[in-house]
Amino acid sequence: MLKIVVKSNECVNFAKFIKSKPLMITVESKKKKLETLMKDYPGAMIIDVTSHADDEFVQFSPFYPHGGIPIPFTEGVTSQSVEGIWQGLKVFEDVGVDCTTFRIKDMKNIKRTTRKYGKCLGHRKGIHGEELLEYIEARKLIYLPSYKWVLDNKLQKLVTAIRVIAKNKPVVLLDYETNADVDNPKKPLSHASLIKAYIEGNYPE
């Protein structure tokens, strides 16, 4: 039997090499054909992080019911999902905060739309808060910290898995949205872009 002996200093050097390798992570639209993605990113690991993923990476979806997610500016109250927080704290012309979205576990019927409720006036700063946050401010004070909490507390194993893969081959994260600009009010924010930023160490604060 062939026996390979690796010296401790060689292990250290290899670890440094892996750590120094750049991460290869790209965000792409889930609407693109798989054949196109495979052609554009040969040899890449393509990972669906939407609510329609059919593997464990579905847990990256903001709709996923991790449970126990603290609702910003609301002490002692939690939500099943990040999307539940985002939708529940919306305030419309004739309808206020909806706490039922915090309890939804099947990822269905979470969205509260202007088509159904009329003009959205903003997001309540906490369930019982008096202040209404404008769209971008709500992104920064509600959505970003809520999603980061999930990454920190519920998804470390999967985050590590993507980080390891991205050290060795390109990784393509599929999302329905590709906007990575937090300050862009015209397009919904891509949660895949937040995963990428988090793994690369530059999550927007």
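The values are calculated or read from the model by the stated rules, or taken from the named source; none is laboratory data. Since this is a predicted model, take the numbers as computed values, not measurements. Using ideal geometry, Cβ is built from the backbone for each residue, glycine included, and neighbour counts are taken over all protein chains shown.
Details
- Of 180, 138, 192, all but one fail to be of a type outside the set (S, T, N, Q), over 17 Å from residue 69 (Cβ atoms) and assigned to a helix (DSSP H, G or I); the exception is 192.
- Flag if residue 200 is touching a residue at least 60 places away in the same chain (Cβ under 8 Å), on the phi < 0 side of the Ramachandran plot and exposed (fewer than 13 other Cβ atoms within 10 Å of the Cβ): no
- Test: residue in region 114-126 that is assigned to a loop (DSSP other than H, G, I, E, B), within 28 Å of residue 159 (Cα to Cα) and not hydroxyl-bearing (Ser, Thr, Tyr): no
- Residue that is closer than 26 Å to residue 160 by Cα, touching a strand residue (DSSP E or B) at 6+ places or on another chain (Cβ under 7 Å), modelled with pLDDT of 95 or more and buried (at least 16 other Cβ atoms within 10 Å of the Cβ), where the choices are 58, 49: 49
- Residue pairs meeting the criteria (Cβ under 7 Å; at least 6 apart or on separate chains; first hydrophobic (A, V, I, L, M, F, W, C), in region 71-90; second modelled with pLDDT under 95): none
- Residue within region 147-158 that is assigned to a helix (DSSP H, G or I), of a type in the set (S, T, N, Q) and buried (at least 16 other Cβ atoms within 10 Å of the Cβ) present: no
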